[in-house]
Amino acid sequence: MVRKSNQEIVDLAAQLAKEIHGSQADKQGVNYFQGHLTEVASHCREWKEKIIAYLHDVSKFTDISESELVMILQDRSNGRLTDKIAIKLKKALWLLDPKNSKTREDYIEGIKTNYLATKVKLWDLQDNMNLVKMKNPKQKDFLRIQKYYKEYANLINLSHYKVL
């Protein structure tokens, strides 16, 4: 059960993601917030995971840095989001931005060092591998999913982070 004040911060993160992603659509033309981000967040059990799930692609698709993003969330929370939690959120969000790694392998290895990033990335990959959501998958989709399965297997082998 998420405490009321923590749920309010999750709701603020969701609203922030909705504002930032706006009318952005995924590869299938579905609203990015309503589709992917809400799906990933729905699987998360802890409030900090839910925040990361809603915000994990902001810095990937915009010029907003992880620090700026968390600062906005802190401001909107009117002090409910502590500096200690903000630091944890920034670290996980930074690791989840592939632009912060030299290679995709480095990206996955970095994620493995962080509990929150690992849990959210597992749900993110699971949603990205969902063939049911793809109307007419092409060869490139199957190749991408194959890569995601390998990354998922690499992450899921961390038994102390296992969420499925």
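Read-outs: derived from the displayed coordinates by stated rules, not from any lab. Just so you know, these numbers come straight off a predicted model, no measurement behind them. Cβ atoms come from the backbone with ideal geometry, glycine included; neighbour counts cover every protein chain shown.
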Task: 5 Å binning of all Cα-Cα separations within the chain, expressed as whole percents from 0 upward - done: 1, 9, 18, 22, 22, 16, 8, 3, 1, 0
- [ ] Any chance you could run the full-extension gain for Arg144 through Ser23? It's 0.36 nm times the residue separation minus the Cα-Cα distance, nm to one decimal.
- [x] 41.1 nm
TODO: Would you mind getting me the FRET efficiency between Glu105 and Thr82? Use the beta-carbon distance for r and R0 = 30 Å, nearest 0.05.
DONE: 0.35
Task: Simple spin-label estimate for Ser42 and Phe61 in nanometres, 7 Å along Cα-Cβ - done: 1.7 nm
TODO: In debye, nearest 20, what is the charge dipole magnitude of the stretch 4-161 about its Cα centre with +1 on Lys and Arg Cβ and -1 on Asp and Glu Cβ, if you could check?
DONE: 380 debye
TODO: Using 0.36 nm per residue of separation minus the Cα-Cα distance, give me the extension gain between Ile156 and Asp75 in nm, one decimal.
DONE: 25.7 nm
- [ ] Please sort by residue number the GluC sites (Glu not before Pro) in the stretch 25-78 whose DSSP state is loop and whose Cβ has at most 16 other Cβ atoms within 10 Å.
- [x] Glu46
TODO: Determine, for Phe142, Phe33, the number of other Cβ atoms within 10 Å of each Cβ, and report the residues in order from fewest to most.
DONE: Phe142, Phe33
Open item on the list: I'd like to know which of Thr103, His36, Leu12 lies farthest towards the positive end of the charge dipole of the stretch 4-161, counting +1 on Cβ of Lys and Arg and -1 on Cβ of Asp and Glu.
Closed with: Thr103
Task: Residue of Lys88, Lys48, Lys102 that the Gaussian network model of the chain assigns the largest fluctuation, springs spanning Cα pairs under 10 Å - done: Lys102
Open item on the list: Run the simple label-point estimate for Gln34 and Ser5 please: 7 Å along Cα→C-beta, distance reported in nm.
Closed with: 3.5 nm
Task: Listed residue pairs exceeding 27 Å between alpha carbons, taken from Lys4/Lys84; Lys4/Lys60; Lys50/Lys150 - done: Lys4/Lys60
TODO: Any chance you could give the angle, 0 to 90 degrees and rounded to 10, that helix 115-128 forms with the longest Cα principal axis of the chain?
DONE: 50 degrees
